[in-house]
1. Please verify whether the stretch 116-126 includes one or more residues that are modelled with pLDDT of 95 or more, closer than 21 Å to Ala197 by Cβ and loosely packed, with under 15 Cβ neighbours inside 10 Å.
2. Residue by residue through the stretch 105-126, note down the ones that are touching an Asp or Glu at 6+ places or on another chain (Cβ under 9 Å) and polar (S, T, N, Q).
3. Filter the stretch 21-33 down to residues that are out of contact with any Phe, Trp or Tyr (no Cβ under 8 Å at 6 or more places or on another chain) and surrounded by 17 or more Cβ atoms within 10 Å (Cβ to Cβ) and give me whichever is modelled with the highest pLDDT.
4. Which residues, taken from the stretch 113-141, are among the aliphatic types (A, V, I, L, M), assigned to a strand (DSSP E or B) and under 15 Å from Thr157 (Cβ atoms)?
5. Could you count how many residues in the stretch 120-147 are farther than 20 Å from Asp107 by Cα and free of Cβ contacts under 8 Å to residues at least 40 places away in the same chain?
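The values are calculated or read from the model by the stated rules, or taken from the named source; none is laboratory data. Just so it is clear, the structure is predicted and the values come from calculations on it, not from any experiment. All Cβ positions, glycine included, derive from the backbone under ideal geometry; neighbour counts span all protein chains shown.
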Amino acid sequence: MSDGSHERDGHGNVPSRSRRRFEGLSSRAYEHPADRSALVALRRLSGFDTVFKALSGLLPERSLRLLFLSDSVRVSDEQFAHLNDMLRDACYILDLEKVPPMYVNQDPQPNAMCIGLDEPIIVVTTGLVELLDEEEMRAVVGHEVGHALSGHAVYRTILLFLTSLAVRVAWIPLGNLAIMAIVTALREWFRKSELSADRAGLLVGQDLRASMRGLMKLAGGNHLHAMNVDAFLAQAEEYEAGGDLRDSVLKIMNVLPRSHPFATVRAAELKKWADSRDFQRIMDGHYPRRDEDKDTSVTDSFRQSAAAYASDVKNSKDPLMKLVSDIAGGAGDLGGRVRRGFGGFTGGGGGGTAKDRPRDERPGAE
């Protein structure tokens, strides 16, 4: 266990408490299985390599760097020194050799991002800095360093560019559809990558309660005295299990335009991972090493991702996922299950009220 007392450019600043360092850590250790498989899928999209190479020349990355340099505050030993300490600690703990530049941008909306094609840049807003305490902010900085270690910054940058481009070419029907298809795929991947980065933040902060508090504040503001972690997690369970198939469809529609999962979902996912054997093995020093990445099997990654998806569907309490699980298990009376899932609503000439239908077709009938 490292006490984090490494020298930083001649300064002897140390973390406020002892934290384990993960030397040679591969990002595979904390990445969500769907994150890994989505990255592979994106690279295998027909024409994606061509699009990527073209975008590399079009994206205004140099302009972005100059913009942050000129109109934001660069974190250093002289400016936002406490954030600079957190950044170096995070890179040290995750063993990221090159510390990415970090900027504080004036924006009341709490937010943070890691972007860049050639080299990652971390940006945090003043709204976030003012909202979070030291340990909560440490988890966020670790989250962004996790993005950098995983190489997420490249795809985040492309997502930002394509989203902007889709707005500009909205008047071209086919062009807009093609771009939005890629944007939708990128958003789905990015939502999963956020779960990966949350795990990286926990590895850096090594304080689950602080990570939970940070997510609660993103949802409810700086009112910790009026919030409760257990009640917040209960919300996540209610969100997943509540309602019928109509609610399941609405959940999908609500999340499609978002780049991040909902805060309660992120909290529940992080809590589940923190309680897992995988997390404990990492904390005990047993984790994939970066020098083994080149030998990683793509087939194995897909297999692990498929197993994770199957497990999620099997264990999910969401009505739609339960229906999918039932179908996969060969359950009979599919029509009746779908009708019950939609609360008895069949639409059109579906035939009368629940009272008029046979007992075995009424919602909740066994």
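1. Within the stretch 116-126, not a single residue is modelled with pLDDT of 95 or more, closer than 21 Å to Ala197 by Cβ and loosely packed, with under 15 Cβ neighbours inside 10 Å.
2. Those that are touching an Asp or Glu at 6+ places or on another chain (Cβ under 9 Å) and polar (S, T, N, Q): Asn105, Gln106, Thr125, Thr126.
3. Checking each candidate, the answer is Tyr30.
4. Filtering the stretch 113-141 for residues among the aliphatic types (A, V, I, L, M) gives 113, 115, 117, 121-124, 128-129, 131-132, 137, 139-141.
Retained after the next criterion (residues that are assigned to a strand (DSSP E or B)): 113, 115, 121-124.
Passing the criteria: Met113, Ile115, Ile121, Ile122, Val123.
5. The total comes to 1.
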